[in-house]
1. Kindly establish whether VAL242 is assigned by TED's automatic domain parsing to the domain that holds GLY286, of a type in the set (Val, Ile, Thr), in contact with a strand residue (DSSP E or B) (Cβ under 8 Å, 6 or more places away or on another chain) and assigned to a helix (DSSP H, G or I).
2. Filter the range 30-80 for residues that are within 16 Å of ligand 2 (Cβ to nearest atom), surrounded by fewer than 15 Cβ atoms within 10 Å (Cβ to Cβ) and among the β-branched types (Val, Ile, Thr) and give the result.
3. Restricting to helices (runs of 4 or more DSSP H) lying wholly in the range 312-407: which have 2 or more residues that are touching a helix residue (DSSP H, G or I) at 6+ places or on another chain (Cβ under 9 Å) and open to solvent by less than 30 Å² (accessible area, probe 1.4 Å)?
4. What do you reckon, is GLY13 of a type in the set (Gly, Ala, Ser) and open to solvent by 30 Å² or more (accessible area, probe 1.4 Å)?
5. When the range 102-128 is examined, which residues are found to be in contact with a strand residue (DSSP E or B) (Cβ under 7 Å, 6 or more places away or on another chain), more than 16 Å from ligand 1 (Cβ to nearest atom) and open to solvent by 20 Å² or more (accessible area, probe 1.4 Å)?
6. Please name all residue pairs, on different chains or six or more residues apart, with Cβ atoms under 9 Å, provided the first residue is in the range 279-301 and is aromatic (Phe, Trp, Tyr) and the second residue is within 16 Å of ligand 2 (Cβ to nearest atom).
7. Assuming TRP131 fulfils every condition listed in (1) closer than 27 Å to ALA147 by Cβ; (2) open to solvent by less than 20 Å² (accessible area, probe 1.4 Å); (3) within 16 Å of ligand 1 (Cβ to nearest atom) apart from one, which condition is it?
8. If VAL260 satisfies every condition in (1) away from ligand 2 (no atom under 16 Å from the Cβ); (2) modelled with pLDDT under 95; (3) of a type in the set (A, V, I, L, M, F, W, C) but one, which is the exception?
Amino acid sequence: MSSNSQAFQAIKGTYDILPADAPTVLAVREAFAAPLRRAGYGYIETPVFEDINLFSRGVGESTDIVTKEMFAFTTLGGERIALRPEGTASVLRATLEANLHRVGNLPVKLWYSGSQYRYEKPQKGRYRQFWQVGAEAIGAEDPALDAELIILADDAYRSLGLRNFRILLNSLGDRECRPVYRAALQDFLRGLDLDEDTRRRAEINPLRVLDDKRPDVQAQLVGAPMLVDYLCEGCKAYHEQVRELLTAAGVAFEDDPKLVRGLDYYTRTTFEFVHDGLGSQSAVGGGGRYDGLSEMIGGPALPSVGWALGVDRTVLALEAEGITLDAPATTDVFAVPLGEQARRVLFGTVTQLRREGVSADIVYGGKGIKAAMKAADRSGARWAIVAGDRDLAEGNVQLKDLSTGDQTPVALDVLVTTLKEKLQ
Ligand code: ATP
Ligand code: MG
């Protein structure tokens, strides 16, 4: 290594998904996606970066995400860009841009899978690049839709074997009842002994203060007015239907009157999936109804509901519950040629096996027989094809069962069919 070269490391708050962990990560994404596909959600991909204003308006000027967590930059052409901190604003932008809400049935049901970027304080379960699978049902107001999404997420976590999670549920009211509550809460908060920052938050976004995790703040919040006591008849009835549908589906939930998403366009149903084995980064997924968002980003009224499930934290939740998912074997057959002629022939065999759907690999780099057999064992393959030039002169290879050590000669011209039969 030359003196000015240094080993690089992944940027703070990011990490590599290595082959040993990849099967679990992929299985989690698939487990999240499978129930959505069965419920008629179509897959959508949006760019990793967008006009920064989409997020300041679509996520909200007063949120932590926009005030301090955004990865923003100016391009060489002078455009103000941000890496996406979440998926909903982009998906809604794409829906409006492509007029999906005009050409098909409502709701437009969409799901996505991808990385998100937030400039957070990195720690276990909290990264600057992390992965979410998300779902949005756009353009319909129906308690069945809210219930459907919660049920689908519950099914997804359960299909992975997870059990130690809880669903927290609340209603945030609507344009009619929330302002009344907001004013009452603000009155209450003004009477408390809060620091400067929290006072400011109480003026801009009072519901967010309820979510403050600090014990001294929580202690003062005892006796604060609760939204549930201010819900209008419409919101009450709507919420009751969501609760009944969940109960009928056998999905248990806890009413949490303090659960908030403190933005004006989040309305009615709001929920979070929390896992009890993760310490303070306990939210593995969350979502809710956002009836005002479309109008906030220049669209028509499109009442919608959605969620985003965290892949990284769900992987940690699996670890916490001691669940290991069966990883599919990567290699079925491993070829060990002994000699130059054998190398050419077995390379052809491996190519043919792969083309016929059998996973196969070969020893590379001109290793000796001992190192080559060790490589075969390490590959995890069930079968090794071992052949020297003399075997091949007789039209044979040795087929070795790596689990028992038994070895039998097989004619080269029936090798592929023989292996395919054995692997069935
Ligand atoms: P938290 O309260 O933990 O910061 P959040 O409310 O910011 O979570 P959402 O925006 O609702 O999270 O995102 C949905 C899910 O994405 C979360 O429940 C969590 O599982 C995951 N998530 C959010 N931020 C991160 C992060 N920085 N690193 C890893 N996963 C994250
Ligand atoms: Mg956060």
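1. Values: assigned by TED's automatic domain parsing to the domain that holds GLY286: yes; of a type in the set (Val, Ile, Thr): yes; in contact with a strand residue (DSSP E or B) (Cβ under 8 Å, 6 or more places away or on another chain): yes; assigned to a helix (DSSP H, G or I): yes.
The answer is yes for VAL242.
2. THR67
3. Working: elements: 340-355, 369-378, 389-393.
Filter on the range 312-407 gives 340-355.
4. Details: of a type in the set (Gly, Ala, Ser): yes; open to solvent by 30 Å² or more (accessible area, probe 1.4 Å): no.
Considered against the rule, which asks whether it is of a type in the set (Gly, Ala, Ser) and open to solvent by 30 Å² or more (accessible area, probe 1.4 Å), GLY13 comes out as no.
5. PRO107, LYS109
6. TYR290/THR88; TYR290/ARG261; TYR290/LEU263; TYR290/TYR266
7. (2) is the only condition that TRP131 fails.
8. Looking at each condition in turn, VAL260 falls short on (1).
The values are calculated or read from the model by the stated rules, or taken from the named source; none is laboratory data. Bear in mind the structure is a predicted one, so any value in this text is a computation, not a measurement. All Cβ positions, even for glycine, are placed from backbone atoms using ideal geometry, and neighbour counts span all protein chains on display. Remember, those area values only see protein heavy atoms, side chains included, never the ligands or the DNA or RNA. Shrake-Rupley method; radii C 1.70, N 1.55, O 1.52, S 1.80 Å.
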